[in-house]
Amino acid sequence: MQLHHSPTTRRLLFLGLLTALGTSALATTYYVGLGGSNAQNGLSPSTAWATLTYAAGASSPVGPGDTVFVKAGNYGNEQVLFAKIGTALAPVVFEGYTITPGDAPQLNYAPQDDDVLEDHLDPLLMPFYGPATRGQGLGFDFNNDVRYVEIRNFQLKNYKYGVITYEAQHVALDNITVAAVGDTLQDYSGIGIALGYNSAWPGHYNTATNCLVMNAGAEAFTVFGNGNVLTNCGAYCNQGLDDRNAATDYYFIVVGDSNTVSGCRMDRMKELAHFGHGFTIKEHGEQNLIVDCVAENTSDAFCVRHRDVKHNTFQDCEAWGSAVVVVRDGASHNLFQGMRSHEAWSGISFFDTSEDGGAQYAGRHNRIINSLFIAPDVAISNSNSFGPYTTGSPIDSNTVANCTFVDPVVFFRNWNDDVHDNALINCIIDDVGTWQNGPQDDNYAFDHCRFNAIPIAMLVGAGNSLGDPLFMDPANEDFSLAAGSPCIDAGATLSYVTTDLSGTSRPEGTGYDIGAYEFMSGMGISATLPPITIQCVPNPSSTGTFSVRGVEGIARLSIRDAAGAEVYATTITSARAQVDPGTVLAAGAYTVRIVQDGHSWAVRMLVVR
């Protein structure tokens with residue numbers, strides 16, 4: 001049956017379609033290129049405009065739903081003010097390209113310690129902006145009323161400030177590289193990318209994805225506002241060996257509420273004049289999430305700072321050679337879970353300073369759970385000898401639960417005589433060099449902890465025990481529990497600890513296990529712990545074969561029988577691997593485990609013959 005609509009009905013249907021599609025149905029594509037002219041219409045590469053400044057400014061015809069393609073090239077010292085307002089359904093898009101609009105160029109540069117990082121920008125790859133000498137002006141600026149603008153594939157160098165969104169909202173930055181920002185002759189000069197700016201100009205609901213900042217003089221990434229998101233961004237610095245003004249101070253700094261920083265990385269690449277701060281929430285901030293991030297060689301890898309910083313979460317993050325978990329200046333009720341560290345300067349550090357209204361208390365009711373600290377110089381630091389800047393304020397009412405400390409040089413560093421009501425619960429403390437240094441006592445309570453190879457008598461506490469915890473494979477940094485470990489089912493029940501470091505539910509057996517890992521007592525078909533997946537299908541299996549997905553680099557794979565004996569081992573070097581142990585496996589239950597860089601993924605497999 002054919003339907004016939006009246007002219008009025010057809011007009012209503014058409015208007016409804018336009019409403020559903022937004023104004024994108026009327027979208028226009030414009031172009032910017034070297035050799036263009038702002039007097040042209042910009043509607044084709046051959047009639048392109050000359051500058052992004054014109055295209056983004058108030059006088060150009062660009063409107064909601066429109067896209068401006070900017071061809072690769074060196075556009076010099078433009079200082080672009082974005083003045084466009086899009087909508088959720090019809091954002092205004094500014095996109096760089098190499099040869100063909102939409103070709104999505106990638107810099108694909110992995111910063112190296114001895115490189116001049118900013119020399120690796122490439123104007124032939126995507127649009128490049130910047131003055132000839134460092135420390136000049138603001139590259140990308142935004143009117144406060146800007147909404148729903150997307151900017152991707154641009155490079156900026158030598159500005160004083162790279163990108164600052166101020167009070168703009170719903171700005172999406174993607175694949176923006178900023179390098180060598182700030183005047184090194186000035187103190188604290190240079191910001192790479194800032195979503196918002198300060199309390200006068202906060203920015204909300206903005207995003208930065210796949211962005212890179214190298215050698216910012218003061219701050220690499222700044223988030224000041226609410227509901228902003230940073231994803232897969234990197235901050236690096238290798239300048240300032242003898243000049244604090246050239247070395248990055250804050251790599252990622254968050255002020256505000258409900259912001260997310262995910263999959264990001266910072267690296268203080270050399271022993272610079274400024275120790276730097278990694279991922280820091282300070283001044284005021286609640287319900288922020290820092291997840292799956294990596295920090296290297298910095299004084300505060302993951303830090304909460306000041307009394308209005310509370311109820312924030314750091315999850316599944318990793319640190320190398322840094323002060324890992326830092327609680328200072330009264331930050332309270334924050335959660336650190338699933339933290340991993342390697343050769344840290346300190347695993348956990350509490351202290352107060354003269355900031356934020358003067359000395360009051362270091363921080364209270366913070367929890368550090370399900371975390372692994374491998375070979376720290378100091379496991380837990382209570383204040384420090386930081387000079388008059390550090391005060392002797394109380395350090396109290398914090399909890400460290402289900403953590404594993406392995407091979408610390410010193411367990412406690414104590415420079416504070418007012419430490420009380422802090423507790424370690426369900427923790428493994430293994431192979432300690434010196435129990436404490438500093439002039440004061442540690443004054444921590446220990447509950448259901450396992451001690452091994454400590455230089456003092458076992459500490460008194462409910463459920464404490466002494467002896468080898470029986471790790472799965474400590475030589476390869478697998479500190480999960482082997483079958484028969486005395487830590488299995490020996491911990492206290494903690495309602496706020498529901499999983500382990502690998503995401504396994506607690507408890508798996510009749511009780512909570514001690515340490516960062518819960519021993520898996522049940523059979524599973526597969527275990528998926530990003531980014532590596534082990535799939536044993538079918539399970540039970542008559543062949544013992546399984547697949548591994550997601551390995552990047554080199555990973556060690558082992559199979560252990562029910563008694564914990566290793567019966568098979570190999571190395572995985574490909575992203576997709578099929579593993580066949582042949583006839584090695586007799587009928588029985590096995591644990592298949594992959595270890596890479598201190599991470600562990602495991603699944604239980606049943607073989608029938």
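The values are calculated or read from the model by the stated rules, or taken from the named source; none is laboratory data. This structure is a prediction, so every number in the text was calculated from the model and none was measured. Cβ coordinates were reconstructed from backbone atoms using ideal geometry, including for glycine residues, and neighbour counts include every protein chain displayed. The area values use the complete protein model at the heavy-atom level, side chains included, leaving out ligands, DNA and RNA. Shrake-Rupley method; radii C 1.70, N 1.55, O 1.52, S 1.80 Å.
Placing Lys71, Lys84 in order of accessible area, with the largest value first and a 1.4 Å probe, yields Lys71, Lys84. By the equivalent-ellipsoid construction on the alpha carbon gyration tensor, the chain comes out with semi-axes of 47, 32, 22 Å, ordered largest to smallest. Under 18 Å from the 7 Å Cα→Cβ point of His284, by amide nitrogen: which residues of the range 175-213? Within reach of a label on His284: 196-205.
When peptides 369-382, 38-51 are sorted by average Cβ neighbour count within 10 Å, with the highest value leading, the order is 369-382, 38-51. Please identify which residues in the range 352-374 have an amide N closer than 16 Å to a label point set 7 Å out from the Cα of Asp308, following the Cα→Cβ vector. Correct set: 355-358. Placing a label point 7 Å from the Cα of Ala589 along the Cα-to-Cβ line, the residues of the range 479-506 whose backbone N sits under 14 Å from it are 482-485, 489. Separation of the range 448-499 from the range 314-381 is 21 Å, based on Cα centroids.
Shape class for the range 122-176: oblate, because the ratio a/c of the largest to smallest gyration tensor axis (alpha-carbon atoms, square roots of eigenvalues) is 1.5 or more and b/c is at least a/b. As a size descriptor, the averaged projected area of the C-alpha convex hull of the range 229-355 was calculated at 6.8 nm². Relative contact order of the range 250-337, taken over Cα pairs closer than 8 Å and 6 or more residues apart, is 28 percent. According to a simple spin-label model (label point 7 Å from Cα along Cα-to-Cβ), what is the distance in nm between Thr498 and Tyr188? A separation of 4.0 nm, rounded to one decimal place. Test of understanding: what is the full-extension gain from Asn108 to Thr87, defined as 0.36 nm times their sequence separation minus their Cα-Cα distance? So the chain would gain 4.4 nm between Asn108 and Thr87. With r as the distance between the Cβ atoms of Ala453 and Asp243 and R0 = 45 Å, compute the FRET efficiency 1/(1 + (r/R0)^6) and round to 0.05. That pair, Asp243 with Ala453, gives E of 0.55.
When only Cα pairs below 8 angstrom with a gap of at least 6 residues are kept, the chain shows a relative contact order of 5 percent.
Between Ala200 and Asp115, the FRET efficiency estimated from the beta carbon spacing at R0 = 51 angstrom works out to 0.85. When His170, His306 are compared by accessible surface with a 1.4 Å probe, the order from highest to lowest is His170, His306. Among the lysines of the chain, pairs at least eight places apart or on separate chains and with Cα atoms under 28 Å apart come to 11. Element breakdown for the chain at a 1.4 angstrom probe: carbon and sulfur atoms account for 52% of the accessible area.
Computed over protein heavy atoms with a 1.4 angstrom probe, the accessible surface ordering of Glu355, Glu283, Glu78, largest first, is Glu283, Glu355, Glu78. Angle of helix 7-21 to the longest C-alpha principal axis of the chain, folded into 0 to 90 degrees and rounded to 10: 50°.
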